[in-house]
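Novice: My structure is below; once you've seen it, I'll send some questions.
What follows is calculated from the coordinates using simple rules that are stated; it is not laboratory data. If you're wondering where the values come from, they're calculated on a predicted model, not measured in any experiment. Glycine also receives a Cβ, built like all others from the backbone with ideal geometry; neighbour counts cover every protein chain displayed.
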């Protein structure tokens with residue numbers, strides 16, 4: 001099973017592309033548990049909430065991975081929760097970096113318009129840039145393999161599709177559906 005995590009600042013196309021390309025590539029998509037958590041409980045977050053989100057995401061990934069899909073696309077993982085912890089509380093609990101890591105992280109840059117959906121925090125100027133920088137710093141500190149995805153919506157989709165195709169071909173998980 002190949003695991004790819006879509007990572008980066010809010011409103012950069014991660015959820016839309018993860019769901020779409022999971023279907024296209026015959027894989028499975030694991031949605032972002034934090035979105036559901038915030039929709040149910042609100043966005044006044046504390047560190048305990050981030051830890052609960054991390055564990056909820058881990059349970060969702062484990063449940064989905066139990067079916068052994070050839071490709072597992074994660075809308076997020078605990079490294080993104082670590083970026084949230086750094087942004088909101090200026091600290092990252094070690095537990096957030098101890099979860100299993102994806103085979104590849106696709107880091108989505110914030111060079112597309114921000115869309116407020118009611119659960120997003122950092123949409124404007126310096127805050128969005130800072131959050132995006134923290135998201136990348138977390139990947140660098142974790143020492144994981146990542147590839148940057150940028151440009152307009154069509155370019156993002158093309159680059160993401162190419163990254164998945166290359167990874168699956170290299171791992172001999174081809175042909176896709």
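Novice: Hey, what's the Cα Rg ratio for region 19-102 versus the globular rule of thumb, 2.2 N^0.38 Å?
Specialist: In units of the 2.2 N^0.38 Å rule of thumb, it is 1.13.
Novice: Round to the nearest 0.05 the FRET efficiency obtained for residue 20 and residue 111 when R0 = 22 Å and r is the Cβ-Cβ distance.
Specialist: E(calc), rounded to 0.05, equals 0.65.
Novice: According to a simple spin-label model (label point 7 Å from Cα along Cα-to-Cβ), what is the distance in nm between residue 91 and residue 153?
Specialist: Taking the simple label geometry, residue 153 and residue 91 are separated by 4.1 nm.
Novice: Can I ask one more? How big is Rg to Rh over region 2-170, alpha-carbon atoms, Rh as the Kirkwood inverse-mean-distance radius?
Specialist: Result for region 2-170 is an Rg/Rh of 0.93.
Novice: Also: Which peptide among 100-107, 33-40 comes first, and what is the full order, when sorted by highest mean count of other Cβ atoms within 10 Å?
Specialist: Top to bottom by mean Cβ count within 10 Å: 100-107, 33-40.
Novice: Using 0.36 nm times the number of residues separating residue 162 and residue 51, minus their current alpha carbon distance, what extension gain do you get?
Specialist: Gain in length upon complete extension: 36.6 nm.
Novice: Where does helix 14-24 land angle-wise versus the long Cα axis of the chain, in degrees 0 to 90, nearest 10?
Specialist: Compared with the principal axis, the helix lies near 20 degrees.
Novice: Pairs of alpha-carbon atoms within less than 8 angstrom and 6+ residues apart define the contacts here; what relative contact order does the chain have, in percent?
Specialist: Relative contact order here is 33 percent.
Novice: Also, I was wondering about something else. Once you place label points 7 Å from the Cα toward the Cβ at residue 99 and residue 70, how far apart are they in nm?
Specialist: Placing both labels 7 Å beyond Cα along the Cβ direction yields 2.7 nm.
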